[in-house]
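Quick notes on the structure that follows.
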Amino acid sequence: MVGPQYDFLSNPLGAVRSTFDTAIAAGTDPSSFEGRDWGAISLFRRFLFDQSGISQVPLLTPTSIRFLRPHTLVLYRGMIQDMPGNEFYVGAYKDGSVWRTNKFMDVSQYPICSSADARIWERRLLYCVPVPGLSPWTEVSAEEFGNLSMDWMSDSREKRRRDEESSDTPVSCEEVHDSPNTKRMREGEHSSTAPHSSGAATGIVSTATRLGYDIGSNSPPCLVKIYDSPESEMKLNDIFEFVGILTSPELQEDNEDSDLSNGFSEDPLRHFPPNQVPRLHCFIHKKLGIQDFLKNNPTVEPKLDLVKGIRESLLRHLTAILGNDDVTSHFILLHLLSKVHARDNDLAVGKLSLNLTCFKKETVSVFGKQLTHVLKNLLPFTFCIPLTVEYLNTVSLAPKKNYDTNRLETGVLQLAEGSHLIVDETKLDAGTLNSVGVENCRLLKNLMELQQVEYDFKYYKMEMKTDTQLLILSEGKSNILPADVIVPFHPSSNSCSEAVTVEDLEAWRWYLATVRQLPHSIEQEMQKEVERDLVAARQEDRSLGPQDLSRLLTMGRLMSLSYGETSLSLEHWQMVKELERLRRQRLQ
């Protein structure tokens, strides 16, 4: 039996051409292929998921890019930082009497003559960067990636089944052997057959700041080209994993003047030089959430006993590093479980921003540093802002559109959903804010109150919804950032950096990622009890407003979730009231 003329890993374009030729031979009109698969994607889904080929696909990183050959299959994960628009290209054309395709390629391998037979198609462009604030423990090495492939398989089988039902050209899939790329990655060798492949990494580090990403990350920036997917599937700041073809930067540069090869108008990619930003032509993509960044993620049901045990150990750890301040550690836990689960006009329901006061510069150097370290070990996306007058007057917090380069220039507040932001206000001394500083204060306030970031498109502003947990460390109540909860920090001992096992960390990470995603409701009888208590609290203290009452409801929801329960109980509501009483006692 003769095997296929291609290897899915080292020659994916062979599979694309083979399925295209098969479809044409079956009498299918090439015009009908615009915006749909002719069998190539179904073929790759069978290889990647049914045959476990996903575990063989190398991960695109700043290190691996030096070894990977162009036109091979790779996997990339990153955040969508910009959407440069759509790109027109010659998708199918006639080479004499033979139909050819340029799909999943930057340039044509054959001369294209201007003719009525050329079929013009369209693809989306996504500029992706490493996830801002990505914690080092989340980074996946090439060796560890194989352990995550099962998640792809289970999520993709249903989609592959739908694709096969709509496909007119079923294609058989043969057994595939190890690719040369994978072997070279394991052996740590450079490619001798493609000496130019290392050029993909040339200049990446030197242009990191200009292109808006962190050179310390385990992921380079990447320009991803998307085919046959609805625009509604992807939006700015989403995190995705992509499997596709890594193309050759040199080949693109050498052929940049070819007629119709890269489009037929002003190149929208001229400010994304291919020797600095790799290209990936995407076959398959998957949106990632916080749980996808957990290592050794157990697929277990969050049973009450398990959740309660993990909660207690995490609380003990937080209390220890916070100088045995039990009240603050409880509020920290509720804060870490908060998320925006609904929106009512401008109200972001579910957020719980936290302002820890009584922090001085000396206190921050001990407890603040320790708390920041712990949060970075627990959360996948964390970011710290040292709030000073100089910082506010000079930093770009909001993304801005540069029409000269047709790029969205990133800002500090362009964060992925579920990010955690620590603002250290203890560094703020007396000074004068310029117009930039005043605007930055407004942006931070809007983020805290509305969970929105205003993107500047020069001719208009656009409010982009976000879901960012905010923690402020300050000496007194922050006048810049009005948090939902103000808790004076009262340690009774020095910070204790107790030993923590890897198993403990993984359990805590799983707990925080899993519990915050649980659904929640309040039974009718419990609703009446809560309403009576809120009315009584309002009568006792007329200064309580709707936001305070909404905050108490949010705390009740989070308290229940912290125990793994999806319905508010009287016991947990009483715990919230007692926690609030202790907090208000500290404020007096």
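The values are calculated or read from the model by the stated rules, or taken from the named source; none is laboratory data. Bear in mind the structure is a predicted one, so any value in this text is a computation, not a measurement. Here the Cβ is made from the backbone with ideal geometry for all residues, glycine too, and neighbour counts use every protein chain on show. What goes into the accessible areas is simple: the full protein's heavy atoms, side chains included, and nothing from ligands, DNA or RNA. Shrake-Rupley method; radii C 1.70, N 1.55, O 1.52, S 1.80 Å.
Tally up the carbon and sulfur contribution to the accessible surface of segment 448-494 as a whole percent, 1.4 Å probe, everything protein left in place.
That fraction is 48 percent.
Which percent of the accessible heavy-atom area of segment 498-570 goes to carbon and sulfur, probe 1.4 angstrom? Please report the intermediate quantities before stating the final value.
Details: 1920 of 3820 Å².
On segment 498-570, the fraction of accessible area on carbon and sulfur atoms equals 50 percent.
By how many nm would the segment from residue 36 to residue 518 lengthen if fully extended, with 0.36 nm per residue of separation less the alpha-carbon distance? Kindly include the intermediate steps, with their values, before the conclusion.
On the way: separation 482, 0.36 × 482 = 173.52 nm, distance 3.61 nm.
Taking residue 36 through residue 518 to full extension adds about 169.9 nm, to one decimal.
Considering all projection directions equally, how large on average is the shadow of the alpha-carbon convex hull of segment 33-72, in square nanometres? Mind dumping the intermediate values first?
Details: hull surface 15.8 nm².
With every direction weighted equally, the projected area is 3.9 nm².
Quick one: accessible surface of residue 500, probe radius 1.4 Å, all protein chains present, in square angstrom to the nearest 10.
Number for this one is 50 Å².
Given the protein chains as shown and a 1.4 Å probe, how many square angstrom of residue 460 are accessible, to the nearest 10?
Probe radius 1.4 Å; accessible area of residue 460 about 110 Å².
Roughly how many Å² of residue 279 are accessible to a 1.4 Å probe, to the nearest 10?
10 Å²
Run the numbers for residue 544 and residue 29: contour at 0.36 nm per residue of separation, minus the present Cα-Cα distance, in nm.
Details: separation 515, 0.36 × 515 = 185.40 nm, distance 6.88 nm.
This chain segment gains 178.5 nm when fully extended.
Solvent-accessible area per residue for segment 508-588 at a 1.4 Å probe radius, Å²? Don't skip to the answer; put the middle values down first.
Details: 4270 Å² over 81 residues.
Per-residue value: 53 Å².
With every protein chain kept in the model, how would you rank 271, 281, 373 by accessible area, 1.4 Å probe, largest at the top? List each step's numbers first, then the result.
Numbers: 271 55, 281 0, 373 110 Å².
Ranked from most to least accessible, the order is 373, 271, 281.
Shape of segment 1-103 from its Cα gyration tensor (a ≥ b ≥ c, root eigenvalues): rounded if a/c is under 1.5, otherwise prolate when a/b > b/c, or oblate? Show your work: numbers first, answer last.
Working: a/c = 1.97, a/b = 1.31, b/c = 1.50.
Cα axes put segment 1-103 in the oblate bin.
Can you give me the accessible area per residue for segment 1-92, using a 1.4 Å probe, in Å²?
Values: 2960 Å² over 92 residues.
Per-residue accessible area for segment 1-92 comes out at 32 Å².
Quick one: grab the alpha carbon gyration tensor of segment 382-450, order the square roots of its eigenvalues as a ≥ b ≥ c, and give me rounded if a/c is under 1.5, else prolate or oblate depending on whether a/b is larger than b/c. Don't skip to the answer; put the middle values down first.
Values: a/c = 2.07, a/b = 1.27, b/c = 1.62.
Because a/c hits 1.5 or more and a/b fails to exceed b/c, segment 382-450 counts as oblate.
Order 138, 432, 501, 63 by their accessible area, 1.4 angstrom probe, all chains in place, largest first.
Numbers: 138 0, 432 115, 501 65, 63 90 Å².
Descending accessible area places them as 432, 63, 501, 138.
State whether segment 302-457 is rounded, prolate or oblate according to the following rule on the C-alpha gyration tensor (a ≥ b ≥ c being the square roots of its eigenvalues): a/c under 1.5 gives rounded; otherwise a/b larger than b/c gives prolate, and the remaining case gives oblate.
On the way: a/c = 2.29, a/b = 1.46, b/c = 1.56.
Here segment 302-457 falls in the oblate category.
Are there trypsin sites (Lys or Arg not before Pro) in segment 11-70 that DSSP puts in a loop and that have at most 15 other Cβ atoms within 10 Å, and which ones?
Values: sites: 17, 36, 45, 46, 66; in loops: 36.
Loop-located and lightly packed - 36.
Enumerate the lysines that residue 401 could reach by cross-link, defined here as Cα to Cα under 23 Å, with residues fewer than 8 away along the same chain left out.
Filter leaves 225, 235, 445, 458, 461, 465.
Take 69, 311 and sort them by solvent-accessible surface of the protein heavy atoms, 1.4 Å probe, largest at the top. Walk me through the numbers before you get to the answer.
On the way: 69 55, 311 10 Å².
Highest to lowest solvent-accessible surface, that is 69, 311.
Quick one: pull the percentage of alpha-carbon pairs in segment 466-582 with a separation above 24 Å. Before the final figure, lay out the partial values.
Working: 2958 of 6786 pairs.
Counting every Cα pair in segment 466-582, those more than 24 Å apart make up 44 percent.
So how far apart, in nm, are the two label points at residue 442 and residue 342 if each is 7 Å from Cα heading toward Cβ?
3.2 nm
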